[in-house]
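Please read through the structure below; I'll follow up with questions.
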Amino acid sequence: MAEWDAHVYDTSLKFVSDYGKELIDLLKPQKGESILDLGCGTGDLTAEIASKGAKVIGLDQSATMLEKAKVKYSHLQFVNADAANFNLPEKVDAVFSNAALHWITDQYSVLKSVFASLKTNGRLVAELGAKGNVEKIVDSIQTVIKQGGYEQVQLSEIFYFPSPAEYATLLEKIGFRVEFMQLFERPTMIMDVPQGFIDWIKVFGILLFQNVPLNERPKLIQKAAELMAQKLEKDERYFADYIRLRVVARKLS
Ligand code: BEZ
């Protein structure tokens, strides 16, 4: 996992938590419920859920992101742990996860941990990138890496973007009942291009540059951002090609 730039995440890439607020509507947090925010980042959605009266714990693997979360929301509880292998002191009523699960290629392990952390009748409410997510963004990066003469890292080594059928099958295998699943395109406006695409790459796409020497990266990142601008422009605005998968799944016993 890359180390995150919490400042860029909270400014240029703030759309991540802004869009996540819609997912809280699907979660419908109730007063007094215990909820885990899995992959909480800098804690904006953790705080939003807490504001509805739920008892929330934010969990993230990035110490940098959690440092910022603790400064912004010192009244909330945050834990530094691996989403694919965590244990909570007490089981929770719901696990909420926005734009985090697709970072874990071992999805079976993370869903097993989620299942184990839920009370009977507890629910998982999540949104992640679906099959085809950010295809043009990744194509742009892979193109400049190849042109630079470096070996490409495969998307599946870094991200997990399932189809609805694949994800439902995995959830059912673990024991969840899938109550809701929705796939939809969400073109996501990127401001201040090409800098906005450069920020996107530095925070979200840098692992694709693993085989590029550090001193070569700025040049290739700039080129990839320019290519993205060409591929993703519409009426002089720029939209990342996001495809989302939303799910509500219940642990029956
Ligand atoms: C997403 O939210 O879809 C996403 C974020 C970072 C990298 C790839 C995809």
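The values are calculated or read from the model by the stated rules, or taken from the named source; none is laboratory data. Computed from a predicted structure; not experimentally measured. Glycine also receives a Cβ, built like all others from the backbone with ideal geometry; neighbour counts cover every protein chain displayed.
Checking the conditions here, which among LEU128, LEU227, LEU183, LEU171 is modelled with pLDDT of 95 or more and under 25 Å from SER62 (Cα atoms)?
Working: LEU227 fails: under 25 Å from SER62 (Cα atoms); LEU183 fails: under 25 Å from SER62 (Cα atoms); LEU171 fails: under 25 Å from SER62 (Cα atoms).
One residue alone meets the criteria, LEU128.
Here is a follow-up. Quick one: which strands (runs of 3 or more DSSP E) sit completely within segment 1-115 and have at least 1 residues that are small (Gly, Ala, Ser) and under 24 Å from ILE243 (Cα atoms)? Break it down into steps so the answer makes sense when it comes.
Details: elements: 34-38, 55-60, 77-80, 92-98.
Answer list for segment 1-115: 92-98.
Looking at (1) in contact with a Pro (Cβ under 8 Å, 6 or more places away or on another chain); (2) within 15 Å of the ligand (Cβ to nearest atom); (3) of a type in the set (A, V, I, L, M, F, W, C), which is the one condition that is false for ILE35?
Going through (1) in contact with a Pro (Cβ under 8 Å, 6 or more places away or on another chain); (2) within 15 Å of the ligand (Cβ to nearest atom); (3) of a type in the set (A, V, I, L, M, F, W, C) one by one, ILE35 breaks only (2).
Before we move on, is GLY205 in contact (Cβ under 8 Å) with a residue 40 or more places away in the chain and closer than 21 Å to TYR19 by Cα? So that I can check it myself, show each step before the final result.
Values: in contact (Cβ under 8 Å) with a residue 40 or more places away in the chain: yes; closer than 21 Å to TYR19 by Cα: yes.
When the stated conditions are applied, GLY205 passes them.
Give the number of residues within segment 158-193 that are within 13 Å of the ligand (Cβ to nearest atom) and either at positive phi or not in a loop (DSSP other than H, G, I, E, B) (or both).
6
Within segment 183-203, can you find the residues that are charged (D, E, K, R) and under 15 Å from LYS136 (Cβ atoms)? Don't jump to the end; show me each part of the working.
Narrowing segment 183-203 to residues charged (D, E, K, R): 185-186, 192, 199, 202.
Matches in segment 183-203: GLU185, ARG186.
Can you give me the number of residues within segment 101-118 that are within 16 Å of the ligand (Cβ to nearest atom) and touching a strand residue (DSSP E or B) at 6+ places or on another chain (Cβ under 6 Å)?
Residues that pass the stated criteria total 2.
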